[in-house]
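Visitor: Can you keep this structure in mind? I'll have questions shortly.
What follows draws every value from the coordinates through simple rules; no lab data is involved. Given the structure is predicted, the values throughout are model-derived calculations rather than measurements. Virtual Cβ from ideal backbone geometry, glycine too; neighbours counted across all protein chains shown.
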Amino acid sequence: MLRNNILLFFIIFSFVFSSCDSNRVFDEYKSVPSSWHKDEVMSFKVNPPDSTNSYNLFVNLRNTNAYKYNNLFLIVEMVYPHGKTIKDTLEYRMADPTGKLLGTGLTDVKENKLWYKGDEIPFVFKEAGEYTVNIQHAMRENGKVNGVIELEGITDIGFRVESINNN
């Protein structure tokens, strides 16, 4: 009887957990060792399910209290299946005016879901095939010409594609 109750609990838990993220099409993270070197590019290979529906694209990242900046600059490059490349320099706010880190999480690790494409105009993967998304940091300190070589406090970089419910 106890064994059946435990099995039932896990089945229900699995169903609830998997149904909470029904819009997820692609979601992958890559760990950053001790710091994120300015030349280190995080690459993600995405095979979208179709070339007609709209999607929201996000850069996800996890950071700790060791992250000492109020913002984050990223260079995000999307390479299309037929070779076209679009490169964007993006800025995200990482802390409020008091210096408290933004993001979700109860521990000192905060998770941030940052818009890449789809916030103003839904994104459509118009070409069939594999897309590559490359993410690199472009941080600089105020008054300094050279960029931050080793960015501390970022533990994971991710990329996420969500379907948009077209009802």
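Visitor: Just to be sure I follow the rule: in the chain, considering lysines 8 or more places apart or on different chains, how many pairs have Cα atoms under 19 Å apart?
Guide: Here the count comes out as 23.
Visitor: In nm, to one decimal, how far is the D27 label point from the T64 one, both placed 7 Å along Cα→Cβ?
Guide: Modelled inter-label distance: 2.4 nm.
Visitor: Something else now. Testing the spin-label approximation: label points 7 Å from Cα along Cα→Cβ at E141 and L106. State their distance in nm.
Guide: 3.6
Visitor: Send over the per residue convex hull volume for segment 56-95, Cα only, as a whole number of Å³.
Guide: 89
Visitor: Report, largest value first, the span of the C-alpha coordinates of the chain along each principal axis, in whole Å.
Guide: The Cα atoms of the chain stretch 67, 42, 28 Å along the principal axes, largest first.
Visitor: Of all the Cα-Cα pairs you can form in segment 20-89, what percent are over 19 Å apart?
Guide: Tail of P(r) above 19 Å: 49 percent of Cα pairs.
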